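Below is one structure, written out as structure tokens, with a few remarks after it.
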Amino acid sequence: MSIALTINAKSPVVKYNDLILARFINESNPNKIQITVIDDKANKIQSQLELNGNVFSDNDVYPQLVEILNDAKLDSSLYELCNSKLTLKKFDVLNSELEKINSHFDLRTYYDDGSSFNVNDICLWGILRSNGLMGSILKNKVFINISRWYSHLELYPVLGESYNYIQQECKNLKTSQKLKDAAQGKKKEGHKA
Amino acid sequence: MSDLITKFNSLNIKSNTTLNDEQKALTAQWEELYKTNTVINHIPELNLALRDSVYLIPNATEISELDVKVAEQALPVVKSLLTSSKDLAAVIGSHRHIIRFIRFVLSKLDTTDDVISDLNLNVALTKEVIE
């Protein structure tokens, strides 16, 4: 079975949830999913999954990855929330939704109240990771339970190292492009007045 | 040895992490309270410690024997509070982190408790604010 995931690092919403879940699947089944990061502002896709000849894009990717993992059920209302309001850069909308999620975590350690994190935690964590407004909200512990849950999950490399993974892949892309250009004898573009 | 600790030992969970100084100090502090059977005198402190951390040892990614020991000593106190108070939401609200922690420890050990495990998880609690 050939499975390939492409993540666009320049997309307004970087699909950390797709990347993390794919890497999580690969942890127990190495190289099951071939992951490629692109660094392309002009490309409008956020992420793309090629699975047995079918192509899934953006919000259709994560449910497919959940099926591949075949472990826990994706909460459809959470997924809908993640792809709509939680990606917005509007404090009022975000705050009102975070308030509800914070209450959800009052008596739950993980989203589904299990003994370990699952696809719903990864989905929520990845979406919050890609929202630029979340940094200060988490740091200032505006929502105590969300901050605890988020920091805890960040300790797991598959989640916590996802940002560095994308940065490193982008760096590798630039390096290989430079090498390609040098091999083709292209000159480095100089300063344009 | 208690049932919970026996159960924990049977799971054979090994932590690979080496504790830093802060983690060692906190572990020693709670170990001491456990040994002297005085965890029950430090319920507010326990709730506060668990506010920012899933496990008693900050930044731990796996349950430790210390978690099980402390949960075991706190369990009867929390159960007693939950069964004797008329204002259940207020009791849950002021002990939410211990309750969550004990429920989690029980879940990790694949065991249940008639009071703690049956709590309504959607009970409306007042939002906590750090002053």
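Since every read-out is calculated from the coordinates, none of them should be taken as a lab result. Fair warning: this is a prediction, and the values are worked out from it, not measured in the lab. Note that each Cβ is placed from the backbone with ideal geometry, even for glycine, and that neighbours are counted across all protein chains shown.
Structure summary
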| item | result |
| --- | --- |
| Complete set of residues in segment B:59-76 that are surrounded by fewer than 17 Cβ atoms within 10 Å (Cβ to Cβ) and either outside any helix (DSSP H, G or I) or among the aromatic types (Phe, Trp, Tyr) (or both) | B:ASN59, B:THR61, B:GLU62 |
| Some residue of segment B:64-75 being basic (Lys, Arg) and under 21 Å from A:GLY114 (Cα atoms) | yes |
| Output for segment A:24-64, where each listed residue is in contact with a strand residue (DSSP E or B) (Cβ under 7 Å, 6 or more places away or on another chain) and assigned to a helix (DSSP H, G or I) | A:ASP58, A:VAL61, A:GLN64 |
| All positions within segment B:1-40 that are over 25 Å from A:HIS152 (Cα atoms) and polar (S, T, N, Q) | B:SER2, B:THR6, B:SER10, B:THR36, B:ASN37, B:THR38 |
| Residues of segment A:157-182 satisfying the condition of being small (Gly, Ala, Ser) and either within 14 Å of chain B (Cβ to nearest Cβ) or under 30 Å from B:ALA60 (Cα atoms) (or both) | A:GLY160, A:SER162 |
| Residue match in segment B:117-125 (condition: within 18 Å of B:LEU50 (Cβ to Cβ) and touching an Asp or Glu at 6+ places or on another chain (Cβ under 7 Å)) | yes |
| Residue within segment B:41-58 that is under 28 Å from A:PRO157 (Cα atoms) and exposed (fewer than 14 other Cβ atoms within 10 Å of the Cβ) present | yes |
| Scan of segment B:1-46 for residues that are more than 12 Å from B:GLU72 (Cβ to Cβ) and among the basic types (Lys, Arg), ordered by number | B:LYS14, B:LYS24, B:LYS35 |
| Single residue of segment A:83-108 satisfying the filter (surrounded by 14 or more Cβ atoms within 10 Å (Cβ to Cβ) and hydroxyl-bearing (Ser, Thr, Tyr)) that is farthest from the other protein chains (Cβ to nearest Cβ) | A:THR87 |
| All positions within segment A:82-141 that are of a type outside the set (Lys, Arg), under 26 Å from B:LEU11 (Cβ atoms) and part of a loop (DSSP other than H, G, I, E, B) | A:PHE105, A:LEU107, A:THR109, A:TYR110, A:TYR111, A:ASP112, A:ASP113, A:GLY114, A:SER115, A:SER116, A:PHE117, A:ASN118 |
| Meets criteria (within 14 Å of another protein chain (Cβ to nearest Cβ), without any contact (Cβ under 8 Å) to a residue 60 or more places away in the chain, in contact with a helix residue (DSSP H, G or I) (Cβ under 8 Å, 6 or more places away or on another chain) and not aromatic (Phe, Trp, Tyr)) for A:GLU154 | yes |
